[in-house]
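The block underneath contains the structure these notes are about, expressed in structure tokens.
The values are calculated or read from the model by the stated rules, or taken from the named source; none is laboratory data. The structure presented is a predicted model; accordingly, all values stated were derived computationally and were not measured. Every residue, glycine among them, receives a Cβ derived from its backbone with ideal geometry; neighbour counts consider all protein chains shown. For accessibility, only protein heavy atoms count, side chains too; no ligands or nucleic acids. Shrake-Rupley method; radii C 1.70, N 1.55, O 1.52, S 1.80 Å.
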Amino acid sequence: MSAQDEQRELRIVGFLCNWCSYGGADTAGVARFIQPTDLRIIRVPCSGRIDPLFIVRALLNGADGVLVSGCHPRDCHYAEGNFYARRRLEMLKRFLPITGIDERRFEYTWVSASEGQRWQHVVTEFTRRIHELGPAPFFNPVSEEEWAKLALDGAARGASCACHG
Amino acid sequence: MRIGVFICHCGSNIAGTVDCESVVEIAAGFPEVVYATDSMYTCSEPGQEGIITAIHEHNLDGVVVASCSPRMHEPTFRRAVERAGLNRYMFEMANIREHVSWIGKDKAHNTNKAADLVLMAVEKLRRNRPLVAKSFTTVKKVLVIGGGVAGIQAALDCADGGLDVVMVERDQSIGGKMAKLDKTFPTIDCSSCVLGPKMVDIAQHEKISLYACSEVESVSGYVGNFSVTIRRRATYVDWTKCTGCGVCTEKCPSKRSPDPFNEFLGTTTSINIPFPQAIPKKAAINPDTCMKLQKGKCGICAKVCPVGCIDYEQQDELVTVEVGAIVVATGYDLFDWHKYPQYGEGRYPDVITSLQYERLLSASGPTGGHIKRPSDGKEPKNVVFIQCVGSRDRSVDRPYCSGFCCMYTAKQAILTKDHIPDSQSFVFYMDIRAPGKGYDEFTRRAMEEYGAQYVRGRVAMIYPHGDQLIVRGADTLAGTQVEVPADLVVLATGVEASQGAVKLGETLRVVPDQFGFFVESHPKLKPVETNTAGVYLAGACQGPKDIPTSVGQGSAAAAKALGLLSKEQLESDPAVSKVNVNRCVGCQKCIDTCPFGAIKAVTDRMGRLKAEVIETVCQGCGICTVTCPQGAIQLEHFTDNQILAEVNALCPPKMNNVSFE
């Protein structure tokens, strides 16, 4: 990171499962493993609780990056929550480019409660990646009138609209 | 809502790199925050009193504490707000120590981040609602799966504590691996003299019912109210009548039946009682070798039985029991050493496992306690022990240490000298691991008093030479290759998970690790609990363990079960999923995905299918919430709205006028 980047924080949202990764982040803190400060962590009970739409919402709202971390596969506190998470998040990762969002702004990983050092590495690497990508492109705010016009146009096109052939 | 925010300095832990006063100022401007302050140590008694006083003075109905990790002090502060008369779920924590002050160097950035985290907590708290735990009654009965020493201890402790106990044992007798041992380290106590009385207690205890030759078929229900189906395998003997007199076993003409109790060193009769101290002391027929069952001819046992208990028509029987807690004590199996080419893969009869050697040493064993080698029955003079066969070896996917092989090898070396005074033992070892009480002294005795010769190194090959075997290996301390002529080679075979562990784990929803050992709730602080409430682990099913540790865990699991069922009613964590029946379309996807079987399908008054959460079973993972296509099932305390509120707090929506809520 250059000195200039260091001054300007980007907005990175983390979704961490309570049992493994949140604990891993705690472990990293207890061990004083210095990390970039851009990340803000939302605690959820299980990575299986993370709706891909939470991530999409964060990105639509202008987050520059979203990082998800759960228990290692087979280590899930709830037996199989991270298997569901893995499938959903992998799907999301492939789907993001279709929505026009750079999929590199989203990453998921597995960190156990004892892996403080790994957590430091994950955060540092992901933050660096996001800084390389720079701030997320700005979604043009659309006024209510424009929304209404869009909707009306769509309705007028009916079945022949571009998305539905 | 009236929210109070408390920013903790944690001495200089937080205040050193976070400007707490600024965070207080910023937080005071957050929505619905009517009071914000900071304190030196919020978790201290004056700190907690400060929260309580503020709740009363400012009429707060929600509290945010920004301090350490909620994994640390969330319960502490929940109790504090509860003491002030608030619901314990009207509280949120912002982790500004582990996630901010301890990992960031820049004070301005840290302060900014701390304020963000407080805002997140405030936004979530605004959507919290009071949750009240449900209580439910429990069945005062415990199921113990496995009748080894861990299971026996757990069953006796539970029964002595006043609970009814059902013990299920797969084999014909309880006793497990310990019943096969001759002596135990480090005291050289007679194993069956120590274990035998406990086995008798199991049989005689009025609160214990024992199902031998039985297996758990299925488990349903939840903590406090499990319903367990047990399959009782046909033994072809009516155990209600059998007195264990043993006449049938003397007369049985089919004497070539494999003898699992003696580790297949000899053979036994088709109808047999595995060993003299067997509990229950009942005969059972091996249907694979019984001439009557195989060919329809014989029937001698039925003729000689004085009480007429032989029943060739007997079928498997399914029994259902209701229990409140389950103790899993399914033990371990031995590593299959045939995977190693260097030990002969079974070509040499005088290469045996340590457990087979125990049977040779035992007075109730196939040789009557005289060490006779399998090939020609000669008394061996040179005995070579090879340690770590299937332990600490990544090449056979057994990277873990089996823990007690060093000790039993030392014991067997000592016993060899006791049995055959002019014998010489050699032990090939990697490291000697003897961390228990009196253990290291014991291994030293084997070397110093009993003259066992320890060679540090691995064995490369075993090959026959005359009527002996030559063991070729490295002596890494001397830096040479050594060849030891051996009359008998004993392999200290490592521990692996019990064969049925994975299947049983699926039945019980207890996760096995990559090696098949059941995973405990917390490696340090919850060693006998599992992720399924009401299911506890004891003994080697959780990982390799020696006898004292297994017994200790048996008692620990019993204490947990007794503690659980000592309450008249149990309280469930109210942060569980809840179904909005108006939205539920009865697709049952949540039922399929729930790892705990906590959701069931019910029919409403209109005859429509609806999901219903069994609050006491739900563990609060929220997988169902994400699965539900209707958003009908919401995990309380972590609802979509609450998590989205946190997202919005961090990334404010840019599109005005468009609400996503």
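Structure summary
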quantity: Dmax and Rg, reported as Rg then Dmax, of the stretch B:1-63 (C-alpha, Å); calculated: 11.5, 32
quantity: Relative frequency of Cα-Cα separations exceeding 18 Å in the stretch B:395-479, percent; calculated: 52
quantity: Student exercise, chain B dipole from Lys, Arg, Asp, Glu Cβ charges, in Debye to nearest 20; calculated: 1320
quantity: Per-bin percent of Cα-Cα distances, the stretch B:3-125 [5 Å]; calculated: 2, 13, 25, 27, 20, 9, 3, 0
quantity: 3J(HN,Hα) from dihedral phi, the stretch B:44-49, Karplus parametrisation 6.51/-1.76/1.60, rounded to Hz, x for glycine, proline; calculated: 5, 4, x, x, 5, 4
quantity: GluC sites (Glu not before Pro) restricted to the stretch B:535-624 and DSSP loop, no more than 10 other C-beta within 10 Å; calculated: B:568
quantity: Isotropic mean projected area of the C-alpha convex hull, the stretch B:421-527 (nm²); calculated: 10.8
quantity: Anchor residue B:437: lysines whose Cα lies under 22 Å away (excluding residues fewer than 8 positions away in-chain); calculated: B:177, B:183, B:411, B:524, B:545
quantity: The protein assembly as shown: radius of gyration and largest Cα-Cα distance (Dmax), Å; calculated: 32.6, 103
quantity: Over 19 Å [Cα-Cα, the stretch B:247-304], rounded percent; calculated: 23
quantity: Environment charge of residue B:67, counting only residues whose C-beta is closer than 11 Å and scoring Lys/Arg +1, Asp/Glu -1; calculated: -2
quantity: Dipole in debye (nearest 20) - the protein assembly as shown, about Cα centre, beta carbon charges: Lys, Arg +1; Asp, Glu -1; calculated: 1580
quantity: Accessible surface of residue B:345 - all protein chains present, 1.4 Å probe, nearest 10 Å²; calculated: 90
quantity: Two-site FRET efficiency, residue B:76 against residue B:132, from Cβ-Cβ distance with R₀ of 22 Å, rounded to 0.05; calculated: 0.60
quantity: Projected-area mean, the stretch B:530-581, by convex hull of Cα positions, square nanometres; calculated: 5.2
quantity: Cα coordinate range in the stretch B:343-423, projected on the principal axes (Å, largest first); calculated: 37, 27, 24
quantity: Surrounding net charge for residue B:577, when Lys and Arg each add one and Asp and Glu each subtract one, Cβ distance under 9 Å; calculated: -1
quantity: Directionally averaged shadow of the stretch A:10-140, computed from the convex hull of its alpha-carbon atoms, nm²; calculated: 7.0
quantity: Cα-based convex hull volume of chain B per residue, rounded to whole Å³; calculated: 220
quantity: Kirkwood Rh in Å, taken over the stretch B:267-391 so that all alpha-carbon pairs contribute; calculated: 18.9
quantity: Selection from A:95, A:106, A:55, by position along the positive dipole direction of the stretch A:49-114 (Cβ); calculated: A:95
quantity: Coarse-grained scattering of the stretch B:80-132 at q = 0.28 Å⁻¹, given as base-10 log I(q)/I(0) from a Debye sum over alpha-carbon atoms; calculated: -0.99
quantity: Environment charge at residue B:334 (Cβ cut-off 10 Å; Lys +1, Arg +1, Asp -1, Glu -1); calculated: -3
quantity: Straight-distance crosslink candidates among lysines, where the alpha carbon sits under 16 Å from residue B:297 and sequence neighbours closer than 8 are dropped; calculated: B:251, B:255
quantity: Euclidean distance of C-alpha centroids, the stretch B:1-70 and the stretch B:178-224, integer Å; calculated: 55
quantity: C-alpha long axis of helix B:70-83 to longest principal axis of chain B, angle in °; calculated: 60
quantity: On Cα atoms only, tilt of B:107-125 relative to the major axis of chain B in degrees; calculated: 90
quantity: Electrostatic dipole magnitude of the stretch B:188-234 [Cβ: Lys, Arg +1; Asp, Glu -1; Cα centre; debye, to 20]; calculated: 160
quantity: Filtered trypsin sites (Lys or Arg not before Pro), the stretch B:282-362: DSSP coil and at most 16 other beta carbons within 10 Å; calculated: B:297, B:347
quantity: Alpha carbon centroid spacing (whole Å) that separates the stretch A:71-136 from the stretch B:576-636; calculated: 28
quantity: Charge dipole (the stretch B:3-125, unit charges on Cβ, about Cα centre) - positive-most of B:26, B:121, B:55; calculated: B:121
quantity: Charge-dipole axis of the stretch A:10-140 as Lys and Arg at +1 and Asp and Glu at -1 on Cβ define it, positive-most pick from A:22, A:85, A:36; calculated: A:85
quantity: Principal-axis tilt of helix B:547-566 within chain B, Cα atoms, nearest 10 degrees; calculated: 40
